[in-house]
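In what follows, a structure is listed as structure tokens, so that the remarks can point back to it.
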């Protein structure tokens, strides 16, 4: 399709996102999101349904950095993300994340960036967290910590 100069439109991306949800393959959602980011604004303007579906997939899969990217994209396009929905998903699926007291130091170090992203997401949701920055967006400079 792409070799012939044809690119997927918004409906195609929406169908892909819905199929990814049903197949429970969150890694595929990241590929769709990367393609949308590349083409965003040029000839593709994502709608609420597509961004909401991709954000839902990312929250369920604990891809909080990508979920925050999608939420930022929603806000840039004037779409209000559904905090209540994402809060419910987070509480149901991830409240016990990173609570193991027996994790080795090496394992804790590997999880550091994921934990920071989870705390930033909890900050955005309004849940108790250890991320007390004034802005919920993860800056590229801050990710080096």
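Could you tell me the calculated FRET efficiency between residue 94 and residue 7, based on Cβ-Cβ distance and R0 = 35 angstrom, to the nearest 0.05?
FRET efficiency, residue 94 to residue 7: 0.50.
Taking every C-alpha pair closer than 8 Å and separated by at least 6 residues, the mean separation divided by the residue count of the stretch 1-65 gives a relative contact order of 38 percent.
Histogrammed with a bin width of 10 Å, the alpha carbon distances of the stretch 2-144 distribute as 10, 39, 34, 13, 3, 0 percent, first bin at zero.
Using C-alpha pairs below 8 Å separated by at least 6 residues, the relative contact order for the stretch 2-144 is 19 percent.
Computed from the coordinates by the stated procedures, all read-outs in this text should not be read as laboratory data. As the structure is a prediction and not an experimental result, all values here were calculated from the model. With ideal geometry, Cβ positions are generated from the backbone for all residues, glycine too; neighbour counts draw on all protein chains shown.
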